[in-house]
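Nothing in this text is a laboratory measurement; each read-out follows from the coordinates by a stated rule. Keep in mind that what you see is a predicted model, and the values were worked out from it rather than measured.
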Amino acid sequence: MPDVSVSTHQPIPNPLDLIEEIVSANEWPFDRANDDELVAEVPGRWGDYRVYFAWSGDMSALHFSCALDLKVPRHRRGVVNELLALTNERLWLGHFDLSSDEGLPTFRHAVPLRGARGISVEQLEDLVDVALSECERFYPAFQYVVWGGKDPAEAVTAACLDPAGEA
């Protein structure tokens, strides 16, 4: 494979410092074990979400994940994988996966920042907003499949219905 890199690598400021400010401003409990990782707990409509940020200075990339507070039993993981495929077809950014060790559905996204001067507050807020919106939107689908025994296609359709009018 040919080497396509032509630019010199400029160090990018660690975006976790800015993320820590955002998390603190929202009064979300968090832990920053080291300079390259931050974990926070964010309240949602269906439960609390564990958000995780990891910075790789070598790759100039920010990895973000948002885990749903829903453990999938081993015997339901096959059908949940079908749900993941159907769910991911509907996403513009990021994707859902299922952690093999804990069985937690998790929204993930990575932001490459090579060549950028850094990441803006607005970009970070958008990243978190998109993840939380998608987790809130599809959490019921995971519940329908895992605990309700519903068909994945039926669960995604139900989760994506936009009710009209007022109740």
For the chain, set up a GNM with springs between Cα atoms under 10 Å and report which of Ala153, Ala116, Ala61 has the largest fluctuation. Ala116
In a GNM of the chain with a 10 Å cut-off on Cα contacts, which of Val72, Val121, Val80 has the highest mean-square fluctuation? Val121
The chain: most fluctuating residue of Trp28, Trp46, Trp92 per GNM, C-alpha cutoff 10 Å: Trp92
Given the alpha-carbon gyration tensor of the stretch 83-131, what are the semi-axes of its equivalent ellipsoid in whole angstrom, ordered largest first, with each equal to the square root of 5 times an eigenvalue? 25, 13, 10
With runs of 4+ DSSP H residues as the only contributors, calculate the mean residue ellipticity of the chain at 222 nm using -39,500 (n - 2.57) per run, divided by the residue total and rounded to the nearest 500. -11000 deg cm²/dmol
